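Student: This structure is in structure tokens; I'll ask about it shortly.
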Amino acid sequence: MNPKKVRATTILCVRRDGKTSMGGDGQVTVGDTIVKGQATKVRSVGDGRVLAGFAGAAADAFTLFERFEEKLKRYPGNLARAAVELAKDWRSDRVLRRLEALLAVADKEHSFMVSGGGELIETDDGLLAIGAGGNYAIAAARALLRHSDFSAREIVERSLEIAGEICVYTNSNVTILDL
């Protein structure tokens, strides 16, 4: 592995019973060294109606957050259109194509993963995860969604806790936001 490669993050989004929760851990890792334990990787955007989380290089992610917020302003109340437009720009813009990050964006009706290859994926079940611990978190979330009455927030909290116990690039310092 490239020793300067930044590996970080587990972001999980859960939509359940008209509620949307998104959470992320706080760990940033460079190579095999933890360099930060309390980073905030989820935020509320679009006048508080959209949640967004990132995985990957922080500077790249902030660039994408800014571009995504511009798209939300251009298409207010239309998360799907804003996400499509960001994916199109990301794929076609020479500078954006080099960014190493993923975005998870959600409102009360939709959840999308947006990647630099121009992929825009909406899940079928209201669950979305990105980052190094994403597969662990989504597996836990699917089990909790099917076999518990936990709220969206409780599922995010418990799933991130489980991912943090398994994934070395994920810790238990989480930030969770709700819609």
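Student: Kindly evaluate Thr20 against the criterion of being touching a residue at least 40 places away in the same chain (Cβ under 8 Å), more than 16 Å from Leu103 (Cβ to Cβ) and part of a strand (DSSP E or B).
Tutor: no
Student: Quick one: Ala39 ticks every box in (1) touching a His at 6+ places or on another chain (Cβ under 7 Å); (2) part of a loop (DSSP other than H, G, I, E, B) bar one, so which box is it?
Tutor: (1)
Student: Now for a separate question. Restricting attention to region 46-61, which residues are of a type outside the set (Gly, Ala, Ser) and buried (at least 21 other Cβ atoms within 10 Å of the Cβ)?
Tutor: Val50, Leu51, Phe54
Student: Identify the residue in region 1-52 that is hydroxyl-bearing (Ser, Thr, Tyr) and under 10 Å from the mean Cα position of the chain (by Cα) and, among all such residues, is modelled with the lowest pLDDT.
Tutor: First pass over region 1-52, keeping only residues hydroxyl-bearing (Ser, Thr, Tyr): 9-10, 20-21, 29, 33, 40, 44.
Narrowing further to those that are under 10 Å from the mean Cα position of the chain (by Cα): 9-10.
Numbers: Thr9: 83, Thr10: 94.
Among those that are hydroxyl-bearing (Ser, Thr, Tyr) and under 10 Å from the mean Cα position of the chain (by Cα), it is Thr9.
Student: Every residue in region 23-36 that is surrounded by 23 or more Cβ atoms within 10 Å (Cβ to Cβ) and not in a loop (DSSP other than H, G, I, E, B), please.
Tutor: Result: Gly23, Gly24.
The values are calculated or read from the model by the stated rules, or taken from the named source; none is laboratory data. The structure presented is a predicted model; accordingly, all values stated were derived computationally and were not measured. Using ideal geometry, Cβ is built from the backbone for each residue, glycine included, and neighbour counts are taken over all protein chains shown.
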